[in-house]
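> Before anything else, here's the structure in question.
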Amino acid sequence: MKTIEKKLTGKVVVITGASSGIGEAIAITLARHGAKVVLGSRRKEKLEMLTDQIKKSGGEAVYSVTDVKNKEDLAQLVQTAVATYDRLDVIINNAGIAQLNRIDDLDIEGWENMIDVNLKGVLYGMATVIPIFKQQKSGHIINIISTSGLKIAPMQGVYAGTKNAVRTITEAFRQESNGDIRITGISPGFVKTELADHIKNDQMKSAIQENMEKMAISPIAVANAVVYAMEQPQDVEIGDIVIRPSVQN
């Protein structure tokens, strides 16, 4: 097996939504590149399994059960990173959910969950790390967004709205930052994840599953984009990355 050049050795990275899909791929990939990963997710058993897997492969990992809807959980996740490794270099706000329906279906519960996780969860993550990054005079925020925030489509109105909001917030903070804290937005298209499993609308669930089978790319592709953004020198900021299947329009 080819030896990976470990460009990220020593970097301490918090990852939300880390127990499956894109978050899991990011965790494994960053650990292979030498980063110390701090994993957050609601599913304790999966976090334990992933942490053990990374350690058995020679990487460094710890975890804290985290629901990003709760500010206190994110504070505990970040505190776990600082208490374990005495610093924090990167947060990857990856946790997200999708409930795809017509707006006039009035899935208000679905709207609230997407706003709480996709938007407020990202803001809570940023709010938790910014004071630490300011004190260190360094840090990197990476927000996993979506191509749904670029191309508006029926049935995705509120989901796309939350992703557009994160895109706006990411760009606003980029302009507000003096360069000590870098911020990157990464927007994946169709990726092989558990996304469809949680969609309540049967029509959209079938459509997403069909597109997953036809065109979805590996979550490792997104993880590699994260590595690219992280490995840049301090004076280089990767502002926005869009990564999708080559056949996706």
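The values are calculated or read from the model by the stated rules, or taken from the named source; none is laboratory data. Quick caveat: nothing in here was measured; it's all calculated off a predicted structure. A quick note on method: Cβ atoms are made from the backbone with ideal geometry, for glycine too, and the neighbour counts reach across all protein chains shown.
> Select from the range 137-158 the residues that are in a helix (DSSP H, G or I) and at pLDDT 95 or above and list them in ascending order.
Val158
> Answer yes if at least one residue in the range 6-16 is modelled with pLDDT of 95 or more, more than 18 Å from Asp89 (Cβ to Cβ) and not basic (Lys, Arg), and no otherwise.
No, because not a single residue in the range 6-16 is modelled with pLDDT of 95 or more, more than 18 Å from Asp89 (Cβ to Cβ) and not basic (Lys, Arg).
> Next up: Quick one: is Gly179 more than 23 Å from Glu112 (Cα to Cα), in contact with a Leu (Cβ under 8 Å, 6 or more places away or on another chain) and not acidic (Asp, Glu)?
In short, no.
> List, please: which pairs have Cβ atoms under 9 Å, are six or more places apart or on different chains, and start with a residue in the range 90-113 that is within 25 Å of Arg182 (Cα to Cα) and end with one that is in a loop (DSSP other than H, G, I, E, B) and of a type in the set (Asp, Glu)?
If the second residue must be in a loop (DSSP other than H, G, I, E, B) and of a type in the set (Asp, Glu), the pairs left are Ala95/Asp67.
> Restricting the first residue to the range 151-168 and requiring it to be under 23 Å from Thr184 (Cβ atoms) and polar (S, T, N, Q), which pairs with a second residue that is surrounded by 21 or more Cβ atoms within 10 Å (Cβ to Cβ) and at pLDDT 95 or above meet a Cβ separation below 8 Å and a spacing of at least six or different chains?
Thr162/Met114; Thr162/Asn118
> Moving on to the next point. Give Arg182, Arg174 a once-over and let me know the one that is part of a strand (DSSP E or B), of a type in the set (D, E, K, R) and either touching a residue at least 40 places away in the same chain (Cβ under 8 Å) or over 20 Å from Ala98 (Cβ atoms) (or both).
Details: Arg174 fails: part of a strand (DSSP E or B).
Checking each option against the conditions leaves just Arg182.
> Only one of Gly239, Gly189 is surrounded by fewer than 16 Cβ atoms within 10 Å (Cβ to Cβ) and among the small types (Gly, Ala, Ser); which?
Gly239
> Just checking, does the range 80-96 include any residue being closer than 27 Å to Lys205 by Cβ and more than 17 Å from the chain's Cα centre (by Cα)?
For the range 80-96, residues closer than 27 Å to Lys205 by Cβ and more than 17 Å from the chain's Cα centre (by Cα): absent.
> Right, another one. Of all residues in the range 208-230, count the ones that are closer than 19 Å to Ala18 by Cβ and either within 13 Å of the chain's Cα centre (by Cα) or surrounded by 14 or more Cβ atoms within 10 Å (Cβ to Cβ) (or both).
11
> Another one. Check off (1) surrounded by fewer than 15 Cβ atoms within 10 Å (Cβ to Cβ); (2) under 26 Å from Arg102 (Cα atoms) for Pro233 and give me the number that stays unchecked.
Answer for Pro233: the failing condition is (2).
> Take Arg43 and tell me if it is of a type in the set (Lys, Arg) and modelled with pLDDT under 95.
Details: of a type in the set (Lys, Arg): yes; modelled with pLDDT under 95: yes.
Here the answer is yes, as Arg43 does meet what is asked.
> I've got another one for you. Report every pair of residues separated by at least 6 positions or lying on different chains whose Cβ atoms are under 9 Å apart, first residue within the range 222-242 and farther than 22 Å from Phe190 by Cβ, second hydrophobic (A, V, I, L, M, F, W, C) and part of a loop (DSSP other than H, G, I, E, B).
Filtered contacts from the range 222-242: Met230/Leu8; Met230/Ala35; Met230/Ile238; Glu231/Leu8; Gln232/Ile238.
> Mind listing just one residue for me: the one in the range 12-55 that is among the charged types (D, E, K, R) and surrounded by 21 or more Cβ atoms within 10 Å (Cβ to Cβ) and, of those, farthest from Ile132 (Cα to Cα)?
Selected residue: Glu24.
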